[in-house]
């Protein structure tokens, strides 16, 4: 396995230090094309990615298979044995059987964004930003019907489900909207920093990647208000954020590949890897998958419990 260096603080940028007295091991896999958004399959820690005109299934040992689509886009979500993936060419959300690698259903919802958005799952429903004027469509995954269209701020692209609510961010309107799945209505709006982007829910909060300010904001899931913020860099354009294992993981595009944040103190615990452009990041207890589409690679980082300690 190839190894990487761990930069332990912004003040010591450029220095390398071990994590838990051992270097962080990683496995780099060459992925031709444009390995973009990722979704980990927790059944075996393999990963599903968007790549140009197909969705691909990969594991550490290599590529397992693919599903041809018009233009797969946005972050996907795995529900049971079905992977739900959007197609920007057709304006659809597609159900993929992960066993047969076949598209078994296609729902024409429209899509609000040309590529930067999430398909989310929670409260027994799929949620997708379906109109750039400000609409989120709620889908019943069993009947394949749109059961509600929720009015939100224009250009709301980024979604996450957590703490019994759907959270949705609009970059131009600097807003985080809390949506009650019982009423299908926005019940709270929070003013964020510049260009709120990808979201995460867990580890005691809802986390907002404030792309224009180079910050990550922590939101109280009950009040819906920001109760902490950490400065990471000059900007956080693209990248992703996720929560797990007692840490917040932020995929970046400047200065390093990803950053590890303590969710309680908001201290930056580690800055990992070289700056290599944009990509995705996903967490499971066994490890992290990152994609690096600008250099045609994808990386598996095992033992996340040792990173950032």
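Brief remarks follow.
- Those residues of region 175-185 which are closer than 20 Å to residue 112 by Cβ, in a loop (DSSP other than H, G, I, E, B) and out of contact with any strand residue (DSSP E or B) (no Cβ under 6 Å at 6 or more places or on another chain), in sequence order: 181
- Search result, residues across region 25-56 that are touching a helix residue (DSSP H, G or I) at 6+ places or on another chain (Cβ under 7 Å) and either at pLDDT below 95 or assigned to a strand (DSSP E or B) (or both): 35, 36
- Residue that is nearest to residue 205 (Cα to Cα) [pool: residues in region 231-246 that are touching a strand residue (DSSP E or B) at 6+ places or on another chain (Cβ under 6 Å) and surrounded by fewer than 21 Cβ atoms within 10 Å (Cβ to Cβ)]: 244
- Of the candidates 277, 224, 212, the single residue that is assigned to a loop (DSSP other than H, G, I, E, B), at pLDDT 95 or above and in contact with a strand residue (DSSP E or B) (Cβ under 8 Å, 6 or more places away or on another chain) is 224.
- The residues of region 57-95 that are under 28 Å from residue 110 (Cβ atoms) and without any contact (Cβ under 8 Å) to a residue 12 or more places away in the chain amount to a single one, 80.
- When restricted to residues that are surrounded by fewer than 21 Cβ atoms within 10 Å (Cβ to Cβ) and not in a strand (DSSP E or B), region 186-200 contains 3.
- Any hit, region 274-286, residues being closer than 15 Å to residue 207 by Cα and out of contact with any helix residue (DSSP H, G or I) (no Cβ under 9 Å at 6 or more places or on another chain): yes
- Selection over region 287-309 of residues that are in contact with a helix residue (DSSP H, G or I) (Cβ under 6 Å, 6 or more places away or on another chain) and more than 15 Å from residue 248 (Cα to Cα) gives a count of 0.
- Tallying residues that are under 14 Å from the mean Cα position of the chain (by Cα) and either at pLDDT below 95 or assigned to a loop (DSSP other than H, G, I, E, B) (or both) within region 254-267 yields 0.
The values are calculated or read from the model by the stated rules, or taken from the named source; none is laboratory data. Just so we're clear, the structure is a prediction, and the values are computed from it rather than from any experiment. No Cβ is skipped: glycine too gets one built from the backbone with ideal geometry, and neighbour counts run over all protein chains shown.
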